[in-house]
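Single-structure report; data block below.
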Amino acid sequence: MTTLSLQLSRALARGRAQPAPPPTRADLLATLLRKRAAAHNAGAVELEAMLIDQIRWALPIERG
C-alpha cells in the first residue's frame, strides 16, 4: 500500500460513519494486530510501522 492509497483510504473513511470503539483493550489489540498483518501482507512498510507503534502503546503496562 503506497502513501497515496493510504491517503485515499483515509479520505473515504472520513465520509463513513464512525464505528463503535472496541469495548475492551484486548479487542483493540486484536484489531490492531489484524490490521498490522494485512499491512505486512500488502507490503506496506510505513503503515505496518505505524501500526506496530500503536500496538506498543496499547499494550498493558505492569508495574512491579
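On the basis of the beta-carbon distance and an R0 of 30 Å, Trp57 and Gln18 show a calculated FRET efficiency of 0.90. Have a look at Leu47, Leu32, Leu12 and tell me which one the Gaussian network model of the chain (Cα, springs below 10 Å) gives the largest fluctuation. Checking each option, the largest mean-square fluctuation is seen for Leu12. Computed per residue of the chain from DSSP H runs no shorter than four, each worth -39500 (n - 2.57), the mean residue ellipticity at 222 nm is -22500 deg cm²/dmol.
Largest accessible area first, the listed residues Thr31, Thr3 line up as Thr3, Thr31 when surface is computed with a 1.4 Å probe on the assembled protein chains. Per q in 0.17, 0.27 1/Å, what log10 I(q)/I(0) does a Debye calculation on the alpha-carbon atoms of the chain return? With one equal scatterer per Cα and no solvent, log10 I(q)/I(0) is -0.70, -1.20.
The values are calculated or read from the model by the stated rules, or taken from the named source; none is laboratory data. Note that the structure is a prediction, hence the values are computed from the model and not measured. Neighbour counts are summed over all protein chains in view; Cβ atoms, including those assigned to glycine, are modelled from backbone coordinates with ideal geometry. Side chains are part of the model used for accessible areas, which takes the heavy atoms of the whole protein and leaves out ligands, DNA and RNA. Shrake-Rupley method; radii C 1.70, N 1.55, O 1.52, S 1.80 Å.
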